[in-house]
């Protein structure tokens, strides 16, 4: 409650009394009003229209707008039944977006965090490992393009590639090859 410094104690008491008469008579909490706006399904379809989402991502995004977890699960089940949401499609989309710039380890970690099943990850891992050397070489060429001249430069380039999720054996081959890899 805001009081003004020039109010007398009597005026403040009168204002407090007026406020108490406006309060509900019972101590029971007011029923929670259903949030206004689009339905859960409409929100989920909106998210999916922008890009693919995993089931776990959609559940996290819908949680503030739902009254219960069961309500979210029902919407997600319906979306999967209708073909709007698919973890397999999400995983393929993520790999397509990330593969040119990131290594297998980093992509696999992101898929696991998104709740993609291990069976789907295993299929994608084989394809990623088959192209990892070429992808790492392209990332390295774009960033450096020249063989490291000393240990510090080697360490810097190795850290860069490792932070992108490329395997250590691939990093050693690329930094050992340097400019010879272009041939």
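Tabulated values for the structure
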| read-out | value |
| --- | --- |
| Boolean, residue 134 is at pLDDT 95 or above, closer than 28 Å to residue 172 by Cα and in a helix (DSSP H, G or I) | yes |
| Filter result for the condition that a residue is in a helix (DSSP H, G or I) and under 23 Å from the mean Cα position of the chain (by Cα), over 85, 157, 102, 92 | 92 |
| Pair list, Cβ < 7 Å and 6+ apart or interchain, from segment 129-154 residues that are farther than 19 Å from residue 106 by Cα to residues that are exposed (fewer than 14 other Cβ atoms within 10 Å of the Cβ) | 146/179; 147/179 |
| Flag if residue 107 is under 23 Å from the mean Cα position of the chain (by Cα) and under 17 Å from residue 86 (Cα atoms) | no |
| Total residues in segment 47-72, condition more than 19 Å from the chain's Cα centre (by Cα) and assigned to a helix (DSSP H, G or I) | 3 |
| Subset of segment 160-178 [on the phi > 0 side of the Ramachandran plot and in a helix (DSSP H, G or I)] | 178 |
| Criterion violated by residue 126 - all others in (1) closer than 15 Å to residue 44 by Cα; (2) in a helix (DSSP H, G or I) satisfied | (1) |
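Here's the yes/no breakdown for (1) modelled with pLDDT of 95 or more; (2) under 30 Å from residue 59 (Cβ atoms); (3) touching a strand residue (DSSP E or B) at 6+ places or on another chain (Cβ under 7 Å); (4) crowded, with 17+ Cβ neighbours inside 10 Å:
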site: 139; (1), (2), (3), (4): yes, no, no, yes
site: 148; (1), (2), (3), (4): no, no, no, no
site: 155; (1), (2), (3), (4): yes, no, no, no
site: 164; (1), (2), (3), (4): yes, yes, no, yes
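Residue-wise test of (1) modelled with pLDDT of 95 or more; (2) in contact with a strand residue (DSSP E or B) (Cβ under 8 Å, 6 or more places away or on another chain); (3) exposed (fewer than 10 other Cβ atoms within 10 Å of the Cβ).
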position	(1), (2), (3)
14	no, no, no
26	no, no, yes
32	no, no, yes
37	no, no, yes
78	yes, no, no
81	yes, no, yes
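The values are calculated or read from the model by the stated rules, or taken from the named source; none is laboratory data. None of these values were measured; they are calculated from a predicted model. Neighbour counts are summed over all protein chains in view; Cβ atoms, including those assigned to glycine, are modelled from backbone coordinates with ideal geometry.
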